[in-house]
1. Once amide H atoms are built 1.01 Å from N in the peptide plane, which residues 5 or more positions from Arg33, or in another chain, come under 5 Å H to H?
2. Starting from the Cα of Gln195, step 7 Å along the direction of its Cβ; do the same at Thr34; then give the gap between the two resulting points in nm.
3. Can you tell me what share of the DSSP beta bridges in the chain is antiparallel? A percent to the nearest 5 is fine.
4. Dipole size in debye (nearest 20) for the chain around its Cα centre, Lys and Arg Cβ +1, Asp and Glu Cβ -1?
5. May I ask you to sort Ser102, Ser30 by Cβ crowding, counting other Cβ atoms within 10 Å and putting the fewest first?
6. Among rounded, prolate and oblate, which fits the chain when a ≥ b ≥ c are the square roots of the eigenvalues of its C-alpha gyration tensor, a/c under 1.5 means rounded, and a/b larger than b/c means prolate?
7. Given the pairs Lys40/Lys180; Lys107/Lys200; Lys40/Lys171; Lys27/Lys115; Lys27/Lys200; Lys40/Lys115, which span a C-alpha to C-alpha distance of over 32 angstrom in this model?
8. Which one, His119, Ile36, Thr168, projects farthest toward the positive side of the charge dipole computed for the chain from Cβ point charges (K/R +1, D/E -1)?
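Values in this text are rule-based calculations from the coordinates and carry no lab data. Remember, it's a predicted structure, so these values are computed and weren't measured experimentally. Methodologically, a virtual Cβ is constructed for each residue, glycine included, from the backbone with ideal geometry; neighbour enumeration extends over all protein chains shown.
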Amino acid sequence: MKQQNFDIITHVLCPYVQRSIITLEEKNISYTRTDIDLAKKTAWFEQKSPMGKVPVLLVDEKHTLFESAIICEYLDEITPGSLHPVDSLEKAYHRAWIEFGSSILSKIASLYNAKEASHFQAIHTEIQNKFRFIERELSGSSFYSGERFHLIDAVYGPIFRYFDVFDTFTKLDTFEALPKCLLWRNALKKRRSVQKAVPKDY
Ligand SMILES: N[C@@H](CCC(=O)N[C@@H](CS)C(=O)NCC(=O)O)C(=O)O
């Protein structure tokens with residue numbers, strides 16, 4: 001890889017940021033990180049981020065890449081040892097379930113914004129149903145497809161992290177009847193790149 005300079009514009013809590021950081025870490029790419037306050041977007045940020053969202057990857061201070069899925073795939077492609085499967089159908093599967101992961105993130109946002117217990121319960125059931133689908137896909141190994149870490153694992157690490165936080169407040173038992181999801185969750189929690197994606201006081 002030709003030496004490039006990467007700065008990633010981030011927010012400390014954002015799960016889409018985390019998947020980009022995990023990819024940078026997994027691919028041993030040097031980077032700097034600029035945390036911003038999304039409640040006080042500056043003109044500099046508005047100019048850099050066409051969608052007004054993080055993450056944004058600045059490449060050599062002149063190229064601006066946005067959308068976490070695109071950022072992760074770009075970082076993966078410019079470095080040796082792809083984090084995607086070689087087989088096209090398998091790769092398509094990974095991409096499809098990555099998209100599914102983003103749909104879980106939307107539900108999680110609804111969950112923590114729920115104003116009533118009944119609404120919270122209903123959304124939690126929807127989330128559990130989504131994980132039931134995933135349970136059927138998993139083989140019961142550490143990661144999504146075996147013992148090797150892939151881009152899809154970078155996406156689900158931040159998703160499972162939410163449940164670590166929820167579990168400190170209330171007993172949700174989201175994965176109680178989903179042993180393969182639980183195994184995956186625990187393996188991701190131990191992964192260094194996943195741990196490094198958030199500050200210590202996350
Ligand atoms: N599809 C985007 C989603 C990114 C996203 O939603 N980022 C949130 C923070 S987690 C954001 O920047 N929100 C600010 C806003 O919408 O104004 C991606 O994958 O990068």
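1. Answer set, sorted by chain and number: Ile8.
2. Once both label points are built, they end up 3.0 nm from each other.
3. Details: 9 of 13 bridges.
Of all bridge pairs located within the chain, approximately 70 percent are antiparallel.
4. 260 debye
5. On the way: Ser102 15, Ser30 9.
Neighbour counts put them in this order, fewest first: Ser30, Ser102.
6. Numbers: a/c = 1.97, a/b = 1.26, b/c = 1.57.
Taking the square roots of the gyration eigenvalues as a ≥ b ≥ c, the chain is oblate.
7. Values: Lys40/Lys180 41 Å; Lys107/Lys200 25 Å; Lys40/Lys171 34 Å; Lys27/Lys115 40 Å; Lys27/Lys200 22 Å; Lys40/Lys115 25 Å.
Too far apart for the 32 Å limit: Lys40/Lys180; Lys40/Lys171; Lys27/Lys115.
8. Farthest along the dipole direction, towards plus: Thr168.
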